[in-house]
1. Taking Cα centroids, how far is the range 120-156 from the range 44-90 in Å?
2. About its Cα centre, how strong a charge dipole does the range 185-242 have in debye, to the nearest 20, once Lys and Arg get +1 and Asp and Glu get -1 at the Cβ?
3. For the chain, with the dipole built from +1 on Lys and Arg beta-carbon atoms and -1 on Asp and Glu ones, taken about the Cα centre, which of M62, T24, L188 lies farthest toward the positive end?
4. From the C-alpha gyration tensor of the chain, pull out the three semi-axes of the equivalent ellipsoid (sqrt of 5λ each), sorted largest to smallest, in whole Å.
5. Kindly state, as a whole number, the per residue volume in cubic angstrom of the convex hull around the alpha carbon atoms of the range 185-242.
6. May I ask for the Kirkwood hydrodynamic radius of the range 49-184, worked out over all distinct Cα pairs and given in angstroms to one decimal?
7. Helix by helix, which DSSP H runs in the chain go 24 Å or more along their axis at the Cα atoms and have an average Kyte-Doolittle hydropathy of -1.0 or more?
8. Just F56, F76, F225 to compare: in a GNM of the chain, with alpha carbon springs under 10 Å, which one fluctuates most?
Amino acid sequence: MASTNYQLAPFFKEVEKQLKERETTDFIGPSFEEIAPVYGECFFVVDLTKSMILHFGGMKKMFGYSEKNIDLPFVFDKNHPEDSQLVQPIVSNILSKIVNIAIPAYTNVFSIASRFRKSNGEYIRILTDNFIIKTDEQEFVQCILVRYTDLSFLDKSDTVDWKVNDNFLDKDAIAKEVYGERKDLFTLREKEIIELIINGSSNSEIADSFHISKHTVATHRKNIFSKSKCSNPAELKLFCKKNGVFNGKNF
């Protein structure tokens with residue numbers, strides 16, 4: 001069950017090399033009975049100093065995968081291909097920062113909502129919470145607990161939404177690094193119109209919504225498709241997803 005994820009495999013090895021001096025011996029943390037997964041949840045513990053997963057809880061029950069030999073890149077391989085283009089750079093960017101910040105144990109440092117593939121091929125929307133669970137004496141991270149929660153019964157969105165603990169991380173700065181200048185490509189009005197375009201609204205319907213002329217809407221629409229270099233609403237929706245145009249939702 002080895003991973004073919006060539007993007008993240010080297011990244012985790014680099015993290016392991018960087019944290020070599022923090023290498024753990026025996027994992028010491030809460031008893032796993034205390035954090036046993038409930039229905040619709042699973043978790044695993046990651047030792048970043050060894051680039052390996054130490055313990056699973058409920059992974060097979062929730063997703064159907066045998067827990068034997070699952071590595072970190074394999075886990076990321078199960079993200080929806082469209083979501084993966086954002087999940088991977090977001091995670092690697094955040095991890096590269098938190099390994100150099102003193103953060104107390106049991107802190108939830110970041111969360112991501114995305115789609116994850118089960119062993120039967122079905123994609124479900126999940127919330128991934130990432131907790132610091134073990135640190136060294138200086139409170140620098142050694143191990144992380146990753147918890148998956150099934151959101152599919154209440155959230156059918158296909159966007160990648162994420163948040164960080166703003167006591168330690170600057171989300172705006174991370175977003176600029178992940179998305180680049182394209183994140184702020186559109187004006188506020190253009191973003192409002194894009195949402196309606198993606199939902200299938202006509203120029204007349206958009207004009208009525210904002211009490212503006214159809215000619216003004218047509219101009220906005222032309223500018224939007226010109227900036228994004230998209231030719232239809234489906235392409236525009238994917239462009240916005242990849243570039244964090246609407247990132248920042250609460251979940």
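1. The range 120-156 and the range 44-90 have Cα centres spaced 10 Å from each other.
2. Working: 10 positive and 6 negative charges, 63 e Å.
It comes to approximately 300 debye.
3. L188
4. Details: eigenvalues 292, 78, 49 Å².
Here the semi-axes work out to 38, 20, 16 Å.
5. Values: hull volume 4.1 nm³, N = 58.
Once divided by residue count, the hull of the range 185-242 is 70 Å³.
6. Numbers: mean 1/r = 0.0631 Å⁻¹.
The Cα-based Kirkwood calculation yields 15.9 Å.
7. Details: long enough: 81-98 (25 Å, 0.14).
Going by DSSP H runs, the hits are 81-98.
8. Highest fluctuation of the listed residues: F225.
Bear in mind that the values in this text are calculations on the coordinates, not laboratory data. Source: prediction; values computed, not measured. Cβ coordinates were reconstructed from backbone atoms using ideal geometry, including for glycine residues, and neighbour counts include every protein chain displayed.
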